[in-house]
């Protein structure tokens, strides 16, 4: 798959997940050592090596959000054996086995592309605010002598820069004329547009005696959970498309057309897909399904996280577990909790 | 000597004068809209979390978020948890500005707003009325290699006003609270190139310091400063306006001193208005580029305050002097009822400003809104000032109403009057209506552009040409009130021309015994009487006949 796989399956997850407790910013990244980068991405990586850790961080944020949003569902963004193939082939796109593409162009794949691309834009914008990168936003598009531009008229928004990085990098491999590329492009863009649409304006008055005679406003990034919620809605209302082939002078070009004419055509923020999802009940490497065996389920729920639905009617096992838990805690704002230890007994239900 | 210039000016000249003013007005909008960038700039900073590894807290140690001497940074607090780093060992470091940039004195001021990202946790919620205690230190340096010099250090308290917009359950753990922005720091001058903020949130369980403030995930700072380009355009405008207003002021005062009678109240008030405008205009801010004058922000507020109160007083007195009833005015003390609220209101605002920006001269982190007492006090000042403003506008509206009532009364009796007196009253009415119109126009323009600049997005795009609305608003409105004062001083200066072609007009006034009270009126307004000599001449003529 475009971004997440090429990144996640190689260096980036090893960076993002593997070395959890090392600061990402400190390690120099050797672009050449990242497998699977297309030339355009490699060039980009070399030019923007400073922000590559943020790109990895962004993919990680996206994955975490995906796992949160789908935590109780049959498909829950899990990894097999914690391996690097974090999403399984569901999300994967670019891996071709003997020219045969294994990935499926499903809703799930669409969601992962969108959330990862939004995550990259989000993380890059954030790291620009941290100031460790020198190439962020503040370009010299303003008047005045070069380099002095920001003294004359300030900086442009870092948000645009974040989106630009995400677009340049994630869409770099989606330049083939096939349907899958078109779908990934649309979904990547949907993620970024959703992020931009969810930015909110904050203002501060600082005129005479603090009056609103002078008011300054700026765009603020929302909590990434808000983006996750929004994308989840988009996932639920994703548009199914059909592939159309046209003959052009370059050869065959595939484009996407809405399958149902009586629905509104997808907009910039909508997710699109053209293959139906498997039911994810049974493991199937072809479709990228891991199955729901041994997943814990909620006995009392009648929703998708309930044992009936999650276990696909196979039934569930129940065992009791004693867990030591922290209780009566005193919290600090960070890092320190003084607690007593209590033991509680839980019933744990897992799918057969 | 009779009347002001405006009464004796031909309509043609008046129109030409008006058109010239309008051209300058358009120019002042253009200057802001086309040349200047937007008035202020925003920089967003995400604080880096440094670990204070030294066991003994050395106050001289500064934590840099990046660069060669950067501190030991942790990405998230889960990492800190695993490494058993405590809250007291975490320092939030922010370097202003970002890498590869430097601040400049042209930025004039810098304010910094604090935003805490606090995640919701069922067992660690923000308590009602929780106070965040922030230990903050500010340092500066002027080149990238030298040591940091401490500028200010303070322990501040800020009340957290946070809402959680969804249901408080386990499902929603990890979502952020929606917290109000906290005023954090205000610098009245930006004379150094680099600034460094080190922020701590010390925890002390027994003293209940920073307990119950929820799970802080991040600290974000928002830095606002004036754009250098805007400052330059603004200074240029002031530098241009100062001599123009000053010249008219001198000319105006010379005209008045040339007269044989002492100046009347209205003339003095117009003169004072000119002086307060010049006071605002004088570009002392040029010095702020070379000197570290932190009080410039406060001084600017004071200058603006003086001008506004002068303008409001002028309107009241102008109305009063055109009342055309038979009362003798021409004394400032008559207007105490109307001017009182202005003086009292602006005094309240002055005290408030001193409490906020005055204290900030010594402690840039001070905010009157941070404490409950301070908030109440500040609100009290603002409410009193608001009441004063309402009171003033009631008086003003009532006075304007009175003038119009008197005008319509006089209108009906105008044809019956003698020529000189008719001319006199017509002059009065014209002068009043003209000023009324111009004032309303200016006020309406101010309000309209204020609303536009508040509602519209920062700029309009015209093909390749960008129009900065906010800057256009500032320069345009500033230019407009300058032109207003300019026009008043010019048009309401005493004229050298006379009313009638011959002196016979005077006779009629005196011989018109039917209106004995109105002679007093004629002597009190600025238009007619030029000292005893003129009166003597007139009475002499009357005696001859």
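Of everything listed in (1) more than 27 Å from residue B:125 (Cβ to Cβ); (2) within 14 Å of chain B (Cβ to nearest Cβ), the single unmet condition for residue A:301 is (1). The single condition among (1) at pLDDT 65 or above; (2) outside any helix (DSSP H, G or I); (3) within 14 Å of another protein chain (Cβ to nearest Cβ); (4) in contact with a helix residue (DSSP H, G or I) (Cβ under 6 Å, 6 or more places away or on another chain) that residue A:105 does not satisfy is (3).
Test residue B:234 against the criterion of being in a helix (DSSP H, G or I) and touching a residue at least 60 places away in the same chain (Cβ under 8 Å), and give yes or no. In short, yes. Looking only at segment B:333-354, residues that are surrounded by fewer than 20 Cβ atoms within 10 Å (Cβ to Cβ) and free of Cβ contacts under 8 Å to residues at least 24 places away in the same chain come to 5 in all.
Just to be sure, is residue A:123 more than 14 Å from every other protein chain (Cβ to nearest Cβ), touching a helix residue (DSSP H, G or I) at 6+ places or on another chain (Cβ under 6 Å), crowded, with 24+ Cβ neighbours inside 10 Å and modelled with pLDDT of 80 or more? The answer is no for residue A:123.
In segment B:256-274, the residue that is farthest from the chain's Cα centre (by Cα) out of those that are part of a helix (DSSP H, G or I) and surrounded by fewer than 18 Cβ atoms within 10 Å (Cβ to Cβ) is B:258.
In segment A:240-255, is there at least one residue being within 23 Å of the chain's Cα centre (by Cα) and over 17 Å from residue A:58 (Cα atoms)? Even if it seems obvious, please write down each step before you answer.
In the first step, residues of segment A:240-255 are kept if they are within 23 Å of the chain's Cα centre (by Cα); the result is A:240-241.
From the residues that got through so far, the ones that are over 17 Å from residue A:58 (Cα atoms) too are A:240-241.
Checked segment A:240-255: at least one residue is within 23 Å of the chain's Cα centre (by Cα) and over 17 Å from residue A:58 (Cα atoms).
Of all residues in segment A:328-338, those satisfying the criterion of being part of a strand (DSSP E or B) and either at the interface with chain B (Cβ under 9 Å from one of its Cβ atoms) or crowded, with 20+ Cβ neighbours inside 10 Å (or both) are A:329, A:330, A:331, A:337, A:338.
Could you pull out every one of the strands (runs of 3 or more DSSP E) wholly within segment A:178-261 that has 3 or more residues that are within 14 Å of chain B (Cβ to nearest Cβ)?
Output list reads A:200-205, A:215-220.
Residues considered: B:381, B:434. Of these, the only one that is in the same structural domain as residue B:490 (by TED's automatic domain parsing), closer than 29 Å to residue B:264 by Cα and assigned to a helix (DSSP H, G or I) is B:434. Checked against (1) in a strand (DSSP E or B); (2) surrounded by 14 or more Cβ atoms within 10 Å (Cβ to Cβ), residue B:99 meets all criteria but (1). Under the condition of being facing chain A (nearest Cβ under 9 Å) and either assigned to a strand (DSSP E or B) or at pLDDT 85 or above (or both), the residues counted in segment B:67-86 number 4.
The sole residue among A:129, A:140, A:133 that is part of a loop (DSSP other than H, G, I, E, B), within 24 Å of residue B:194 (Cβ to Cβ), within 12 Å of another protein chain (Cβ to nearest Cβ) and at pLDDT 50 or above is A:133.
Here residue B:470 qualifies as within 29 Å of residue B:33 (Cβ to Cβ) and in contact with a strand residue (DSSP E or B) (Cβ under 9 Å, 6 or more places away or on another chain).
On the stretch given as segment B:9-56, residues that are assigned by TED's automatic domain parsing to the domain that holds residue B:237 and more than 30 Å from residue A:218 (Cβ to Cβ) total 19.
For segment A:317-337, enumerate the residues that are touching a strand residue (DSSP E or B) at 6+ places or on another chain (Cβ under 7 Å) and either outside the structural domain of residue A:348 (by TED's automatic domain parsing) or without any contact (Cβ under 8 Å) to a residue 12 or more places away in the chain (or both). Of everything in segment A:317-337, those that are touching a strand residue (DSSP E or B) at 6+ places or on another chain (Cβ under 7 Å) and either outside the structural domain of residue A:348 (by TED's automatic domain parsing) or without any contact (Cβ under 8 Å) to a residue 12 or more places away in the chain (or both) turn out to be A:329, A:330, A:331, A:333, A:334, A:337. All of (1) under 16 Å from the mean Cα position of the chain (by Cα); (2) in a helix (DSSP H, G or I); (3) more than 14 Å from chain B (Cβ to nearest Cβ); (4) modelled with pLDDT of 80 or more hold for residue A:44 with one exception: (1).
The values are calculated or read from the model by the stated rules, or taken from the named source; none is laboratory data. Note that the structure is predicted; figures quoted are calculated from it, not measured. Methodologically, a virtual Cβ is constructed for each residue, glycine included, from the backbone with ideal geometry; neighbour enumeration extends over all protein chains shown.
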